[in-house]
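To start, the structure itself, in structure tokens.
Coordinate-derived values only; no laboratory data. Everything quoted here is computed from the prediction, not taken from an experiment. In this analysis, Cβ positions are derived from the backbone assuming ideal geometry, glycine residues included, and neighbour counts consider all displayed protein chains.
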Amino acid sequence: MLQTELKKLETLGPVGIRIRAQLVEHYDSLNTKSDNNLKPEVVRMIDKSCMEYSIMIQLSHNIVSTGTSDGQNLTQLAIACGERVRNYYNLPTKSASSLRLGIFILNAYAVLELVSIKLVNDFKQFNKAKTVYKIYSGYKRGQLRQLVKEFSQVSDPYKPLLQKASDWTSGTVKSRNNETLKLIKGANVDTLSKISPENTPIVLRSVNKKQSIAYTIKPKIFETYKWALNSKQECFESYRVETITKERKLAKEAEAFQILKAAEPYVSKVFFQNYTLDRRGRCYPLAAFLTEIGSDNSKGMLTFAEGLPLGKGGLEELYHTIANHYGEDKLSHRDKVKFVENKYYEFVSMGKNPKISKGWMVTESPFQFLSAVIELAELDAHFVAGGKTEDFVSHIFNPRDGSCNGMQFILGLAKSDKHGHLVNLKPNADGKPGDLYSYIATKVRDKVMDDASNASEEAIQYYDLYFKTIERLRNRFRMAELNNCPTAEYKKKAVKHYQRKYKSQLLKTDIIYWSKSKFSIREWRSIVKRGSMTYSYSSTKRGIGEQIIEDTRDLDNKFLANKQHSAARLLGSMVFDTIESALPEASDVMEFFKSNCEAYMKSTGKQYGHSNILTNFPFLQNYFKQKTVEVRLTDGLYVQGYDKKYSWISNVKFKVKSDLPIMNIAKSKSAVSPNTIHGLDSACLMLVIDACNFDIVTAHDSYASHCCNVEEMQKVIREKFKLIMDSNVLLDVLSKTGNLVPMIKQGQLDSSEILKSEFAFA
């Protein structure tokens with residue numbers, strides 16, 4: 001152990017060495033008992049598994065640097081750190097043990113003031129407060145960033161690989177660090193045993209084909225990203241808008257910085273990803289930041305290492321991709337081509353000189369757009385030099401996404417001939433793409449205006465009075481806070497007191513509040529989009545309300561600033577009810593899955609599960625009732641008090657959840673619909689990858705390939721989606737679970753219509 005530690009120590013920078021020294025010091029202070037049974041659990045854990053301090057820091061530093069910026073619950077972050085270390089040493093997942101190990105690690109960061117641990121009132125959904133320990137970036141946040149830089153050269157099993165990962169041939173495999181990896185995260189031995197070349201050939205072939213894709217990072221995109229981040233250019237302006245909290249801004253900045261540092265070692269190099277699956281079959285890379293499922297920042301960095309000529313139709317597909325990333329994704333294919341042709345020289349200029357021509361920064365997906373126009377500029381230079389367009393070698397991803405993919409599957413299962421066009425399961429008569437979000441947005445807006453017009457005169461009068469009063473109180477609070485006045489906190493409480501005192505009256509003004517928003521239909525679409533998307537994954541009225549708070553703030557930093565929760569709750573309910581009434585067949589499909597799950601579990605006494613009809617992937621829900629376990633921490637916790645002074649607190653109590661040997665039917669019932677839809681989503685992905693003889697980069701319902709292969713890729717996607725519709729999933733599920741509930745009435749949608757639908761995945 002000592003030799004390994006010394007070897008690891010050589011790679012540590014100044015910050016890493018200081019953290020390691022603190023871990024050693026704290027370990028020594030705890031390791032005072034001669035009797036091993038009397039030693040704290042964390043000491044026995046470290047000793048038994050021969051845990052190395054450098055490994056602890058290496059595995060936890062990404063979690064700490066990103067999680068603390070956002071001000072995360074200490075219990076959750078500690079368990080995440082502890083679980084990652086315990087998984088590395090192949091130890092079983094135990095919340096209490098992971099918590100103790102995570103606290104041990106985080107205390108070292110806290111003592112060095114890289115993070116600060118505080119006891120705060122955590123305001124959850126709709127103003128419900130709970131006193132908890134939370135962890136934030138400390139006063140020496142720059143050193144926390146430096147730690148990430150220090151580890152950029154350290155071997156990490158969870159970062160991209162310079163050599164292709166070993167093929168999966170069963171449910172488990174040994175990593176290069178001798179860690180046992182599970183193909184299905186969180187799966188038990190019985191489930192993993194069902195994965196084999198004989199039983200699940202499509203599953204294994206698709207994952208291994210994804211692991212064979214070679215990626216690279218072009219120097220120009222990396223240098224532009226680095227310049228834009230360091231000089232705080234407009235493409236990173238969203239990280240500094242007033243509408244998000246200080247902690248959230250720090251989290252976004254931290255993520256951007258992490259992506260930069262993660263990318264640095266791979267510029268101009270060929271690298272690969274290592275993939276695992278979740279319990280639904282959805283594919284995820286092990287790497288944390290430099291991935292195709294990450295943010296626009298991350299996606300924009302990546303390109304295919306091996307380029308392919310544009311070929312006959314590749315130029316139009318490149319134009320299509322550029323228009324999508326610009327934000328013109330609702331145009332027809334022909335109009336997208338015309339749009340880029342009209343702005344050709346403007347876009348080429350951005351690609352040639354992105355630091356001067358900065359128009360790319362305000363597009364829908366800045367870095368993916370930049371990557372595309374850099375290639376457009378290279379194509380232009382190739383053409384000017386006398387080269388043929390079809391011979392130009394392209395490297396960028398050309399993604400094509402499903403149209404509200406969750407609802408696509410649900411309406412496909414329902415064979416909805418009435419509403420299938422809204423998610424492009426069949427072509428529209430006008431030749432334009434169907435847009436479910438605009439359809440729902442229009443209905444919600446009309447309902448808002450109608451209800452507001454019928455509001456009582458009392459509500460209208462009180463609305464005007466409310467805003468005059470609340471704005472006056474808020475201005476007093478802001479001025480007091482600005483001038484560091486001791487009455488600032490009192491004035492802040494005055495606002496809340498006013499809201500509580502007139503709560504019943506204020507609720508009557510919510511509908512008027514929305515009617516006076518003056519949002520365009522495009523903005524209404526942005527507000528209802530996430531709720532319309534997550535409805536198919538069993539999002540509740542309250543959940544949609546929370547989403548509306550976030551999405552509305554992005555549109556207008558003043559809107560919802562004063563009475564966000566009640567107004568958001570109202571609109572969340574309206575969005576939910578509108579979808580239920582407008583798409584009754586979707587509700588029927590979701591209720592079918594819930595009823596079938598409940599009936600199966602009650603009649604058999606077993607967890608709900610079956611295999612996918614097309615891939616044989618084992619689908620199993622393991623939901624148990626939980627008890628709250630109190631974990632008493634005697635090792636000590638380094639906490640910052642209200643006086644901003646730090647001190648050690650002993651005998652701290654934490655509460656963690658622990659599974660009971662009792663099935664949770666209610667949770668299984670609520671989860672079955674989204675799990676099934678995600679399972680179909682993953683099955684479609686596997687079928688498409690397996691059928692194509694070229695590279696496909698996927699991110700859930702998004703498929704990307706080289707320009708020359710996009711047309712063929714889209715053709716295969718539509719064919720596999722049709723196969724899923726024709727396989728009659730609902731009847732298959734019924735037969736495998738005992739035919740315990742009646743089959744729902746399906747529509748008359750012809751599945752072959754999707755083959756003609758240009759915008760099904762566009």
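Under a point-charge model restricted to the Cβ atoms of Lys and Arg (+1) and Asp and Glu (-1), what is the dipole moment magnitude of the range 364-444 relative to its Cα centre, in debye to the nearest 20?
600
Given the Cα atoms of the range 257-303, and with Rh set as the inverse mean 1/r over their pairs in the Kirkwood sense, what is Rg to Rh to two decimals?
Dividing the radius of gyration by the Kirkwood radius yields 0.99.
Please report Phe304, Phe617, Phe624 as a ranked list, fewest other C-beta atoms within 10 angstrom at the top and most at the bottom. Write out the running numbers ahead of the final one.
Numbers: Phe304 19, Phe617 24, Phe624 15.
Fewest-to-most ranking of Phe304, Phe617, Phe624: Phe624, Phe304, Phe617.
Just going by the charge dipole of the range 215-395, with Lys and Arg at +1 and Asp and Glu at -1 on Cβ, which of His333, Phe222, Ala305 is farthest out on the positive end?
So the residue furthest toward the plus end is Phe222.
Please order Phe339, Phe694, Phe347 by the number of other Cβ within 10 Å, starting at the fewest.
The most exposed by this proxy come first: Phe694, Phe339, Phe347.
Explain nothing, just the number: relative contact order of the range 215-395, from Cα pairs under 8 Å at least 6 residues apart, as a whole percent.
It rounds to 25 percent for the range 215-395.
Report the net charge of residues surrounding Thr363, where surrounding means a beta-carbon distance below 10 angstrom and charges are Lys +1, Arg +1, Asp -1, Glu -1.
Result for the neighbourhood of Thr363: -3.
Tally Lys/Arg at +1 and Asp/Glu at -1 over every other residue whose Cβ is under 11 Å from the Cβ of Arg279; what's the total?
Numbers: positive: Lys182, Lys185, Arg280, Arg282; negative: Asp278.
Around Arg279, the charge tally is +3.
By counting other Cβ atoms within 10 Å of each Cβ, how are Ser137, Ser116 ranked from fewest to most?
Exposure proxy ranking, most exposed first: Ser116, Ser137.
What does the charge dipole of the chain about its Cα centre add up to, to the nearest 20 debye, if the Cβ of each Lys and Arg holds +1 and the Cβ of each Asp and Glu holds -1?
Approximately 2860 debye in magnitude.
Pick the calculated P(r) over Cα pairs in 20 Å bins from 0, in percent for this structure from (1) 14, 45, 37, 4, 0; (2) 14, 46, 33, 6, 1, 0; (3) 14, 43, 34, 8, 1?
Comparing each candidate, only (1) matches the computed number.
Evaluate the range 215-395: find the radius of gyration of its Cα atoms, find its Kirkwood radius, and give the ratio Rg to Rh. Please report the intermediate quantities before stating the final value.
Values: Rg = 17.1 Å, Rh = 17.4 Å.
Checking Rg against Rh, the ratio lands at 0.98.
So what is the 222 nm mean residue ellipticity for the chain from helices alone, if each DSSP H run of at least 4 adds -39500 (n - 2.57) and you divide by all residues, rounding to the nearest 500 deg cm²/dmol?
Numbers: 29 runs with 393 residues, N = 762.
Calculated at 222 nm, the ellipticity per residue is -16500 deg cm²/dmol.
For Ile662 paired with Ala582, estimate the spin-label separation in nm (one decimal), with each label point 7 Å from Cα along the Cα-to-Cβ line.
Result: 4.1 nm between the two label points.
Tell me which of Cys708, Ser295, Ser727 sits at the most positive position along the dipole axis of the chain, charges placed on C-beta atoms (Lys, Arg +1; Asp, Glu -1).
Ser295
Past 24 Å, Cα to Cα: identify those pairs from Lys182/Lys541; Lys443/Lys508; Lys210/Lys388; Lys415/Lys667; Lys232/Lys516, in the order given.
Going by Cα-Cα distance, Lys182/Lys541; Lys210/Lys388; Lys415/Lys667; Lys232/Lys516 fall outside the 24 Å limit.
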